[in-house]
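Presented below is the structure to which this report refers.
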Amino acid sequence: MLFMLGICIGFFVHSFIRPENRGFVGTQAIRQMGFTFTNPLLECEIGDQSSFHEITSFREKLQAVVDRNITTQKASHISIYFRDLNNGPWMGINEKEEFSPSSLLKVPLMMSLYQVAEKNPAILNTRVRYTATDGESTTQNIYPSLQLTTNQEYAFQDLIERMIIYSDNNATKLLSQGITEEAFLHPYNGLGIAPPVLQNGEYYLRVKDYATFFRVLFNASYLTREYSEKALKLLSQSEFRQGLVAGVPDGTVVAHKFGERVWGDTGEHQMHDCGIVYYPAKPYLLCVMTQGRDFSSLTDVVSGISKFVYEEVQAQQGKK
């Protein structure tokens, strides 16, 4: 077993949604207002597990979207997790399937660094030099538009921004080299998530498990409010726009992270996008993980699901 501390191309496994829980499970929450990206939880009262109105039609229609994409061979596997972030009801489709997260795990690495920075803010000013030998050996299929310059020094905060906004693997590698194993694993251990450990050269996760990182950022229940805000603001600036963002109206804020991978021996592609869609007064968490034969089809699947969910939320809010 090998802890993946070199680059953020790793995976995790955790306990899951039960297959029989197909409706929304609801809670009522009181939250602190006045923040842009977070909505810190002050008090939570767990309600009964009754279905909300329209939930059956919502899930059935969403399942139909998934089935249609599978039938037309735009994707071979699709997994979805949705959660109303105001009240807490969630739903999942094929949520027990496992996927390779790849760059998705740049988010918990950022959380590790910010957790250290809460006690030692100076770490964000730590400067490291990028050299040719630091170049990423793993193929990055979607290249960052802004790349590191050889022999130039970068502060950790700058590297974090490049890792999240541009999904730069080289920035990720430099950051992972500057953090201890204990700090790296803290988000996993602190949230009760099995750490990213390689077994037989692979590591996989399920969609609801990964969504936990976005949930705790929104609730500001792992990092402080200030660092949770900072993290989500960076995620809202991601230059990748072909997935969740492409499915919502222009100007809609989406704090998200994508991940992609290709298997050279089989030609299989995976494309995922997970994040928070800031629908007015009704922010929600949507994670979509897909597998198929090409990125173009898979990004269309993700954006189509994002569009469907946005329009469904809009309809339920009476703004058709």
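Restricting segment 82-130 to residues that are buried (at least 20 other Cβ atoms within 10 Å of the Cβ) and of a type in the set (Ser, Thr, Tyr) leaves a set whose member that is nearest to residue 270 (Cα to Cα) is 100.
Among the criteria (1) within 22 Å of residue 68 (Cα to Cα); (2) in contact with a Ser or Thr (Cβ under 9 Å, 6 or more places away or on another chain); (3) in a strand (DSSP E or B), the one residue 302 does not fulfil is (3).
Taking the conditions (1) over 18 Å from residue 258 (Cβ atoms); (2) surrounded by fewer than 22 Cβ atoms within 10 Å (Cβ to Cβ); (3) in contact (Cβ under 8 Å) with a residue 60 or more places away in the chain; (4) in contact with a helix residue (DSSP H, G or I) (Cβ under 9 Å, 6 or more places away or on another chain) in turn, residue 191 satisfies each one other than (3). Could you run through segment 70-81 and say how many residues are in a loop (DSSP other than H, G, I, E, B) and buried (at least 19 other Cβ atoms within 10 Å of the Cβ)? Here the count works out to 2.
For segment 282-299, taking the residues that are in a loop (DSSP other than H, G, I, E, B) and touching a residue at least 40 places away in the same chain (Cβ under 8 Å), the one that is nearest to residue 81 (Cα to Cα) is identified as 283. None of 175, 217, 159, 205 is surrounded by 23 or more Cβ atoms within 10 Å (Cβ to Cβ), touching a Phe, Trp or Tyr at 6+ places or on another chain (Cβ under 7 Å) and under 24 Å from residue 118 (Cβ atoms) except 175.
Every residue, every condition in (1) closer than 30 Å to residue 261 by Cα; (2) modelled with pLDDT under 90; (3) of a type outside the set (Gly, Ala, Ser); (4) outside any helix (DSSP H, G or I), yes or no:
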position: 6; (1), (2), (3), (4): yes, yes, no, yes
position: 9; (1), (2), (3), (4): yes, yes, yes, yes
position: 29; (1), (2), (3), (4): no, yes, no, yes
position: 51; (1), (2), (3), (4): no, yes, no, yes
position: 64; (1), (2), (3), (4): yes, no, no, no
position: 83; (1), (2), (3), (4): yes, no, yes, yes
position: 96; (1), (2), (3), (4): yes, yes, yes, yes
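I'd like to check something: does segment 220-231 contain any residue that is closer than 23 Å to residue 90 by Cβ, modelled with pLDDT of 95 or more and part of a helix (DSSP H, G or I)? Yes, that holds for at least one residue.
Considering segment 200-215 alone, what residues qualify as being part of a helix (DSSP H, G or I) and either free of Cβ contacts under 8 Å to residues at least 60 places away in the same chain or touching a strand residue (DSSP E or B) at 6+ places or on another chain (Cβ under 8 Å) (or both)? 207, 208, 210, 211, 214, 215 - these are the residues of segment 200-215 that are part of a helix (DSSP H, G or I) and either free of Cβ contacts under 8 Å to residues at least 60 places away in the same chain or touching a strand residue (DSSP E or B) at 6+ places or on another chain (Cβ under 8 Å) (or both). Output the residue which, of all residues in segment 122-145 that are at pLDDT 85 or above and under 25 Å from the mean Cα position of the chain (by Cα), is nearest to residue 240 (Cα to Cα). Step by step, filter segment 122-145, then rank; the result is 124.
Just one of (1) crowded, with 24+ Cβ neighbours inside 10 Å; (2) out of contact with any helix residue (DSSP H, G or I) (no Cβ under 9 Å at 6 or more places or on another chain) fails for residue 153. It is (1).
The values are calculated or read from the model by the stated rules, or taken from the named source; none is laboratory data. These numbers come from a predicted model, not from an experiment. Using ideal geometry, Cβ is built from the backbone for each residue, glycine included, and neighbour counts are taken over all protein chains shown.
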